[in-house]
Amino acid sequence: MGRTRGARPVAVAGGGSFTAVTPAALAAMLARKDFLFVNVHIPYQGEIERTDRFIPFDAIQAHRGELPARKDAKVVVYCGTSRAG
C-alpha cells in the first residue's frame with residue numbers, strides 16, 4: 001500500500017502482517033483504486049461504494065477462488081459499515 005497517510009502496519013502472530021487504514025486513508029485509496037475491495041461483514045448490511053465482492057468472513061475458505069491467487073496481490077477487506085437513520 002505504499003506510504004498512505006493514515007495507514008499503519010500491524011504484525012500478526014506467526015510472522016504475517018496487514019495494514020490498518022483510517023477512513024480518510026481508505027477514501028484516498030479508493031480514488032486511485034488498484035486493489036480488490038471485499039466486504040466480509042455478516043450479516044450483510046450494505047457496502048461501501050466500489051466494493052468488488054461480498055464474502056462472509058466465515059466463508060472465505062469456501063470462496064478462495066474469488067480471491068487473487070498471487071500472494072502479493074492487494075486485497076482490502078472491511079467488516080463494518082455506517083448506516084444513517
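Read-outs: derived from the displayed coordinates by stated rules, not from any lab. Just so it is clear, the structure is predicted and the values come from calculations on it, not from any experiment. Note: ideal-geometry Cβ built from the backbone for every residue, glycine included; neighbour counts use all protein chains shown.
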Point to revise | the chain - percent relative contact order, Cα under 8 Å, separation 6 or more | key: 26
Review point. How about region 1-49: which chymotrypsin sites (Phe, Trp or Tyr not before Pro) there are in a DSSP loop, with at most 12 other Cβ atoms within 10 Å of their Cβ?
Key: Tyr44
Review point. Using a Gaussian network for the chain with springs between C-alpha atoms less than 10 Å apart, which of these wobbles most: Ala59, Ala25, Ala11?
Key: Ala11
Point to revise | Value at 222 nm in deg cm²/dmol, rounded to 500, when DSSP H runs of n ≥ 4 in the chain each add -39,500 (n - 2.57) | key: -3000 deg cm²/dmol
Exercise for review: Can you give me the P(r) profile for region 1-52? Cα pairs, bins 10 angstrom wide beginning at 0, each as a whole percent.
Suggested key: 21, 46, 30, 3
